[in-house]
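Below: one structure, written as structure tokens.
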Amino acid sequence: MTVASATSRAAGLPARLRQERRSIASRLRRWFESRLPLVDTHTLTQRNVYILPTRAGIFFGAMLILMLLGSINYQLNLGYVLTFLLAGCGLVSMHMTHSTLKGLTLHLRPVQPAFAGDAAPIEIVITNPGGTRHGIGVAFHERIGVKRSHAWTDAPAQGQVSAQLSLVPAHRGWHAVPTVIAETRFPLGLFRAWTLWRPAAKLLAYPQPESPAAALPGSRATRGEAPQSKRAQGGELEGVRAWRRGDTLRQVLWKKVAKTGELISRETSSAVSAELWLDWHAARPPAGGNEARLSRLTAWVLLAERAGSVYGLALPGREFAPAQGDLHRRRILEALALWG
């Protein structure tokens, strides 16, 4: 064995040990999190709030031991007083750190859908039944070795406060909200108290819109369902159709409503609207496959909504009748997100 190979093996050994240690810690973390209940409201009690000393707390405890040994060795009465005074402060700090979290209630607000690749806000409401609590940090419990991004806040006495995190979905579809960790080091930073919480809610990620978006396909004129046309006195072509949201009271044919009991609207030639069909086969990008088609259709939905068009969607095996409005947009985007 050469000196160079022995050196390289010796250098690779610590890296391998660190990797194995992280792997073991990651498996233990996943096992522990799998035992947590899936709930959207988490109340912090004596059983689910954990506390350990920080590095500063360990150094503080070692300093107290050295001060006690020095006081014993040199028979320093003032040394005893100072040592036990500081030890008492440390014990009070430990109690206050634990009490900062104990009794709080964490509640996850309904998670709104977002587009893949965009930050989705995750809002957590902290309810405090007691006195004012300071220095509460909320974050996602990420992988081992990844620095967390906390949202720090103070909870007012007998009140509520919101902490907002952001989750970036990598792809379309449903995403579970990651495990949340709430922690504090208040008041002296000698101890760290924390709790782990697995929310039950999920985030729906829409396909990422194509950018820049391709031009919308052409529209076609329509008179609605089952038109019955005739020539009106004024020379305008007049028809009737089923009532649609947005029709005025003047368009309703009240005589037909009285006879049939169904809402029927009058439609003149000036009211003929253009229906836009967003077709799966028409959304054919140069490359990218089905995901690229979904991205193009998503961009078309946003363009059609901004233009105020009446649009429908045609997917393989499923169609959405032409309509408009926020509810229609959400239904179509959800179908694109869960397609396939």
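The values are calculated or read from the model by the stated rules, or taken from the named source; none is laboratory data. This one's a predicted model, so the numbers in the text were calculated from it and none came from an experiment. Cβ sites come from the backbone with ideal geometry, for glycine too, and all protein chains shown count toward neighbours. When the accessible area is computed, the model is the full protein with side chains, heavy atoms only, and any ligands, DNA or RNA have been set aside. Shrake-Rupley method; radii C 1.70, N 1.55, O 1.52, S 1.80 Å.
Inclusion of VAL81 among residues that are aliphatic (A, V, I, L, M) and buried (at least 17 other Cβ atoms within 10 Å of the Cβ) is not warranted. If you check ARG55, ARG47, ARG27 for being farther than 18 Å from TRP194 by Cα, at pLDDT 80 or above and of a type in the set (D, E, K, R), only one passes: ARG27. Flag: THR54 does not match the condition of being open to solvent by 50 Å² or more (accessible area, probe 1.4 Å), touching a residue at least 24 places away in the same chain (Cβ under 8 Å), over 19 Å from GLU142 (Cα atoms) and hydroxyl-bearing (Ser, Thr, Tyr). Restricted to region 23-38, and to residues there that are open to solvent by less than 50 Å² (accessible area, probe 1.4 Å) and of a type in the set (A, V, I, L, M), the residue that is nearest to HIS98 (Cα to Cα) is LEU36.
Can you pull out every residue in region 175-204 that is out of contact with any strand residue (DSSP E or B) (no Cβ under 7 Å at 6 or more places or on another chain) and open to solvent by 40 Å² or more (accessible area, probe 1.4 Å)?
The initial filter retains those residues of region 175-204 that are out of contact with any strand residue (DSSP E or B) (no Cβ under 7 Å at 6 or more places or on another chain), namely 187-189.
Matches in region 175-204: PRO187, LEU188.
Inside region 239-338, counting only helices (runs of 4 or more DSSP H) that do not spill past its ends, which hold 3 or more residues that are closer than 19 Å to LEU216 by Cα and at pLDDT 90 or above?
Working: elements: 254-260, 289-307, 326-337.
The helices (runs of 4 or more DSSP H) meeting that bar are 289-307, 326-337.
With touching a residue at least 24 places away in the same chain (Cβ under 8 Å), surrounded by 14 or more Cβ atoms within 10 Å (Cβ to Cβ) and closer than 30 Å to ALA299 by Cβ as the only criterion, which of ALA139, ALA120 stands out?
Details: ALA139 fails: closer than 30 Å to ALA299 by Cβ.
Exactly one residue qualifies, and that residue is ALA120.
Of the listed requirements (1) open to solvent by less than 50 Å² (accessible area, probe 1.4 Å); (2) modelled with pLDDT under 95; (3) part of a strand (DSSP E or B), GLY235 misses just one: (3).
Taking region 182-196 as the region of interest, how many residues are in contact with a Pro (Cβ under 9 Å, 6 or more places away or on another chain) and closer than 23 Å to ARG35 by Cβ? Before the answer, list the steps.
To start, the set of residues in region 182-196 that are in contact with a Pro (Cβ under 9 Å, 6 or more places away or on another chain) comprises 190-192.
Applying the additional criterion that residues be closer than 23 Å to ARG35 by Cβ yields 192.
Final tally of qualifying residues: 1.
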